[in-house]
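Working notes for the structure below.
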Amino acid sequence: MKHVVLILLSFVVLGLVYSCKHEADPTPPQPPVVTWSQAPTFSIRSSTSAVLSATMTEAPTGQATTIGFVWSKTNPMPTVADSKTRQSVTLTSLPYAMRDSLTGLETNATYVARAYLTTASGTVYSPAVTFQVTVSVTELFAQTLTGLLQNRDIGYGFVLFENDEMKASGNGGLKARAIEADGPKPYTIDTKMHIASMSKTISAMAFTQLAARKGIRTTDKISPYLPPSWPKGENIDQITFRDLFTHRSGIIGLGSNCQNGAYSENIYSGLRQLIAKGVKAQNRGQYCYQNANVGLMRVLIPALTGYVFTGNDDTDDGQTQQLYLTYVQKNVFEKAGLTNIVPTYPANDPTYCYSSPYTAGEKGWNPGSFFNTVGAYGWYLTPREAGKLYATVLSSVSQEVLPTAYKDTLLLNSLGCYRVSSTLGDFQYHDGWWYLTNAAPYMGLRTIWMKLPNNLTVVLFTNALNRQGGLFPSEDGTDIVPFVFRAYTTARQLSGGRLAPVTFTLEHPEPH
């Protein structure tokens, strides 16, 4: 009996063992094999968003997967339980580049993010990346300008340079409307337009460069360099180069009313008449904005380079035009990396000027060519070209055009430029203003360059004027100088750089 019981127990044990072998749990599913080339990379899109990118070099193909990015402010190793993006894909080839936008982020907050891939067998994560949502003042400046300018039915283009590198830009509207012969054309940062009195800074660059080479001081008198055949009126022998560039020469125009003259006073014969008229002692040293002050550079710069006047006005007019043009092209534009800059629009491709608000069916105005008056105004540039010029010469370490000391001379002495005095410091600029007639409805253009802190340069062009007021076509009547400066201070405040209100003063707030 004992043996029978033992035999029965043995069979029971064997049965249990056999049963356990065949009813064991299956092997747990293994997560997919995934390899990333590196941790995700990121770029900040705005103060509340970023773009993440990652590349998978090894991953399951031919099956449904879910991919995306996970991120968190508090979890050092975020998972799909945290914030995430989600895409359903079936991979067919490798490597595979992932890219997605993260939105709703907090400015100045620090986040950790990972890429992930999920299949039916599990989720695999990439290495983690840590990033902070910070946006540069330059990017915020561009966003602010765009927000103020876009969808306004005006043609515009702007560029922002840090040192001599373009960092941001924006454009919108039309340089030519449907009513023009060639039909509608968009306004871009490569649209050529008359820059108007921004040209005065270019004459200042040319003069200060020449002065550096020849040992000429800004306080030197201009009379030795005027055409000998020109009659010299009273006190002309007292005018200095600095007087001309700061509009304190005493020249108040042929009408003796300090009303700024354009064509008739800036051609060769008009300049001769102003010199013959002379200046009153009481006007010397008094500010009076006159194009002719800087327009005289078209005569003086050739003289400084050694031109010998013939006494024949027609000959000297043509020669000084060409010599001034060539000098500026070779010694300013080309040394700043710009070619083919002339005082007219590209052949058969003008940028028209309009009124704002625009009236349907109203043809634009073409300002035309300025070969015989170039100096105080007249150059045609694109926003990109103008940004490169003013940034390279005045806001970079390059000394190709001006030695550093002469950059300081130009800016600190306001030679061909103006100053904004503000609670953030002093900044330099020159605006440009050109119109068809000085009465409503105004039709014309407005331009500006401005040098801001940290060698930030902004250039803004628009081919429209406020129809009734005649100035920059802002929505609230703000003219171009405060418009640009306020956009900059708004960007500073958005970046957290300064929260207190910024106040500023323009020494000469009238348009130029």
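Among the GluC sites (Glu not before Pro) within region 325-392, those in coil by DSSP and having at most 14 neighbouring Cβ atoms inside 10 Å are Glu362.
Calculated from DSSP H runs of 4 or more alone, at -39500 (n - 2.57) each and per residue, what is the 222 nm mean residue ellipticity of the chain, nearest 500? Helix contribution divided over all residues of the chain: -8000 deg cm²/dmol. Summing Cβ point charges (Lys, Arg +1; Asp, Glu -1) relative to the Cα centre of the chain gives a dipole of roughly 540 debye. Go through Asn312, Gln38, Met450 and say which Cα lies farthest out towards the positive end of the charge dipole of the chain; charges sit on Cβ, +1 for Lys and Arg, -1 for Asp and Glu. Most positive-ward Cα: Gln38. Selection among Tyr327, Leu415, Gly368 by position relative to the dipole of region 312-454 gives Leu415 as farthest towards the positive end (Cβ unit charges, Cα centre). Exposed loop positions in the chain were taken to be trypsin sites (Lys or Arg not before Pro) whose DSSP state is not H, G, I, E or B and which have at most 16 other beta-carbon atoms within 10 angstrom. Between these positions, the longest stretch is 364-497.
Under 5 Å from the amide H of Val342 lie the amide H atoms of Tyr380, each residue being 5 or more positions distant or on a separate chain, with H modelled from the backbone and absent for Pro and chain starts.
Just need the relative contact order of the chain here, percent rounded to a whole number, with Cα pairs under 8 Å and 6+ apart. Could you put the intermediate results ahead of the total?
Details: 1081 pairs, mean separation 76.2, N = 512.
Once normalised by length, the contact order is 15 percent.
Taking every alpha-carbon pair under 8 Å whose residues sit at least 6 apart, region 384-476 reaches a relative contact order of 22 percent.
Sequentially through region 228-240, phi angles give Karplus couplings (6.51, -1.76, 1.60; θ = phi - 60°) of x, 7, 6, x, 10, x, 4, 6, 4, 6, 9, 6, 10 Hz, Gly and Pro residues having no value and appearing as x.
Using alpha-carbon positions, what is the distance between the centroids of region 69-98 and region 453-473, in Å? With region 69-98 and region 453-473 each reduced to a Cα centre, they are spaced 44 Å. Would you mind classifying region 368-489 by shape? Square roots of the alpha carbon gyration tensor eigenvalues, ordered a ≥ b ≥ c; an a/c under 1.5 is rounded, otherwise it is prolate if a/b is larger than b/c and oblate if not. Oblate.
Each residue of region 400-415 is assigned a 3J(HN,Hα), and the resulting list reads 4, 8, 10, x, 3, 4, 7, 4, 5, 4, 4, 6, 6, 9, 6, 7 Hz, derived from the Karplus form 6.51 cos²θ - 1.76 cosθ + 1.60 (θ = phi - 60°), x at Gly and Pro. By definition, a body whose alpha carbon gyration tensor gives a ≥ b ≥ c is prolate when a/c is 1.5 or more and a/b is larger than b/c, and region 136-512 fits this prolate description.
Taken together, the values in this text are just the output of simple stated rules run on the coordinates, not laboratory data. Quick caveat, the model's predicted, so the values are computed rather than measured. Positions of Cβ are backbone-derived with ideal geometry, glycine not excepted, and every protein chain shown enters the neighbour counts.
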